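J.: Here's a structure for you.
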Amino acid sequence: MKKGLKLLFFLFSLLLLTSCGLTEELEQAKNEVQALNTNLENQKNHYQTLSQLIELLPTEFDNDLKNITEENLLTNQEGAVYRNVTLRQELKPKMTTEQAEIKKKQRALNTIIKRNAADVDNKQLKRLSNSLDIVMSNFDSLGIYQETIEKQEKAFYKDFPKDDLEEQLFIIEQTYGALDLVCQEAQANISYSQSLLKQFEKEAVKSKAKHP
């Protein structure tokens, strides 16, 4: 009889602890997803700003050629090209920090997924985590193009006037175009991740109602 009572008590305690654990996992997932959305939105805005700066460059370059007599456009602090390059340089650490936070949130989500809590939509979380892999890949590509463009800019924006201006301009514009394309793609992929995120939040509300 005592063994039966002990077993019953054990099972009841286990059920209680499990239920508490499920709610804890759900709340943790919701908190991580909410924070992730902020990071994604910030990063998307950074990509948009970077894209806008790139698109402004042709006009700014033409204006500098007309109004600035110095040989090196990157050293003239009054020039539009100098300001553009400076703003892009200031954006880099901000994007790196934001990306690190996104990666951190992804690791946290993967930990929750592994626990396989019954009241957490783990399939949706997995889809969200997988979509972040693409966001990470976009950022890696961005870094490669940024490194390339920095080298090209140092060579291109000095020693004016140039005899082979059209040829060099074509090369650097190709890289600018590739960089802008990465920015556009990254924004689209972040928006997709956010759509998965919002879907998870909707399901989390329903799940919480089932597991009060």
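The values are calculated or read from the model by the stated rules, or taken from the named source; none is laboratory data. Note that this is a predicted model, so its numbers are computed, not measured. We place every Cβ from the backbone using ideal geometry, glycine too, and count neighbours over all the protein chains shown.
J.: Find the residue count for the range 89-105, including only residues that are closer than 16 Å to VAL33 by Cβ and among the small types (Gly, Ala, Ser).
T.: Residues meeting the conditions: 0.
J.: Being touching an Asp or Glu at 6+ places or on another chain (Cβ under 9 Å) and within 30 Å of GLU27 (Cβ to Cβ) is the filter; apply it to the range 163-202 and report the residue that is surrounded by the most Cβ atoms within 10 Å (Cβ to Cβ).
T.: The extreme case among them is ILE190.
J.: Residues that are in a helix (DSSP H, G or I), among the β-branched types (Val, Ile, Thr), surrounded by 14 or more Cβ atoms within 10 Å (Cβ to Cβ) and within 20 Å of the chain's Cα centre (by Cα): does the range 144-162 have at least one?
T.: no
J.: Taking the criterion of being within 30 Å of LEU65 (Cβ to Cβ), part of a helix (DSSP H, G or I) and touching a helix residue (DSSP H, G or I) at 6+ places or on another chain (Cβ under 8 Å), would at least one residue in the range 122-142 satisfy it?
T.: yes
J.: Let me ask something additional. Could you list all residues from the range 172-189 that are farther than 14 Å from THR148 by Cα and of a type in the set (D, E, K, R)?
T.: GLU185, the sole residue that qualifies.
J.: Taking the options PHE200, PHE160, name whichever one is farther than 24 Å from HIS46 by Cβ and either of a type in the set (Phe, Trp, Tyr) or touching a residue at least 12 places away in the same chain (Cβ under 8 Å) (or both). Spell out how you get there, then give the answer.
T.: Working: PHE200 fails: farther than 24 Å from HIS46 by Cβ.
Of PHE200, PHE160, the one residue that is farther than 24 Å from HIS46 by Cβ and either of a type in the set (Phe, Trp, Tyr) or touching a residue at least 12 places away in the same chain (Cβ under 8 Å) (or both) is PHE160.
J.: Condition check: in contact (Cβ under 8 Å) with a residue 60 or more places away in the chain, surrounded by fewer than 19 Cβ atoms within 10 Å (Cβ to Cβ) and in a helix (DSSP H, G or I). Does GLU55 satisfy that? Working first, answer last.
T.: Values: in contact (Cβ under 8 Å) with a residue 60 or more places away in the chain: yes; surrounded by fewer than 19 Cβ atoms within 10 Å (Cβ to Cβ): yes; in a helix (DSSP H, G or I): yes.
Yes; evaluated as a whole, the condition is true for this residue.
J.: Within the range 78-96, restricting attention to residues that are buried (at least 19 other Cβ atoms within 10 Å of the Cβ) and aliphatic (A, V, I, L, M), which residue is nearest to LYS158 (Cα to Cα)?
T.: Among those that are buried (at least 19 other Cβ atoms within 10 Å of the Cβ) and aliphatic (A, V, I, L, M), it is VAL81.
J.: Can you tell me which residue among ALA186, ALA209 is at pLDDT below 95 and over 27 Å from GLN77 (Cβ atoms)?
T.: ALA209 is the lone residue from the list that is at pLDDT below 95 and over 27 Å from GLN77 (Cβ atoms).
Yes/no per residue for (1) within 30 Å of ASN116 (Cα to Cα); (2) modelled with pLDDT under 80; (3) surrounded by fewer than 18 Cβ atoms within 10 Å (Cβ to Cβ):
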{"site": "MET1", "(1), (2), (3)": "no, yes, yes"}
{"site": "LYS6", "(1), (2), (3)": "yes, yes, yes"}
{"site": "GLU24", "(1), (2), (3)": "yes, no, yes"}
{"site": "ALA35", "(1), (2), (3)": "yes, no, yes"}
{"site": "ASN67", "(1), (2), (3)": "no, no, yes"}
